[in-house]
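The values are calculated or read from the model by the stated rules, or taken from the named source; none is laboratory data. Keep in mind it's a predicted model, so treat the numbers as computed, not measured. A quick note on method: Cβ atoms are made from the backbone with ideal geometry, for glycine too, and the neighbour counts reach across all protein chains shown.
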Amino acid sequence: MQQPKFKVLVISISSPLKIGIYKDNEHIETFSKDGKTSDILPSLFESILNKYDLDEIYYVNGPGSYMAIKIAYIFLKTVSIVNNIKLYAVTGFDFNNNSPIKALGKKYFFRNNNKQEDDKITIEFLNDSSIEDFKIPLSFEHIKYSEDTLPKYHLPAV
C-alpha cells in the first residue's frame, strides 16, 4: 500500500509565519509562529518533515519582505533538493484577498489586476491600515502556482 503524500504551503512574507499542510488538496493542519523567518522556518520544518512525507512545497515568492522571501527560497530550495520534493511558487495576493502587502514604511504593494495589464504590481503609500491578514486556504484545489520559483522582489529602482 502506497503511503499518502502531502503538500505544504509556506507564507513567510509577514508575521506570523504560516504553514498549511494538505492531503488530497484538503487542509489538515496549520502551523503559525511569530518571529524571524530565519529562526522559525527551520524548526517548524524539522517537525513537519518528521511527521509528514512531503511530495510538494509551495511558497509565497513575493511580493513582501525582501529578507523573508530570500531566506524562505534558499531554505526551501535546499529542502526540496535534499529530499527530492517538488518546489513551486505562489503569489501573496492569493492568500489575503488581493489586499495591499506591506513593502517599506507606509508603502505597500498593490496588485492591479485588469485585462490590459495582467497582474501588474505597483508600490504606493497607504495611510489606512485596512489590510487583510494572510489566510491558509481550506482547499488547495484552485491555487495558482508557478514552476518559476525564483523570488519576485518587486523592488523599485534606486
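Odds and ends about this structure:
- Looking across region 76-110, the residues that are at positive phi and at pLDDT 85 or above come down to Asn84, Asn97, Asn98.
- Residue in region 111-130 that is under 21 Å from Met67 (Cβ atoms), at pLDDT 95 or above and surrounded by 14 or more Cβ atoms within 10 Å (Cβ to Cβ) present: no
- Number of the condition not met by Ser14 [criteria: (1) more than 22 Å from Ser99 (Cα to Cα); (2) within 16 Å of the chain's Cα centre (by Cα)]: (1)
- Qualifying position, being within 27 Å of Ile28 (Cβ to Cβ), assigned to a loop (DSSP other than H, G, I, E, B) and in contact with a strand residue (DSSP E or B) (Cβ under 9 Å, 6 or more places away or on another chain), among Glu132, Glu141: Glu141
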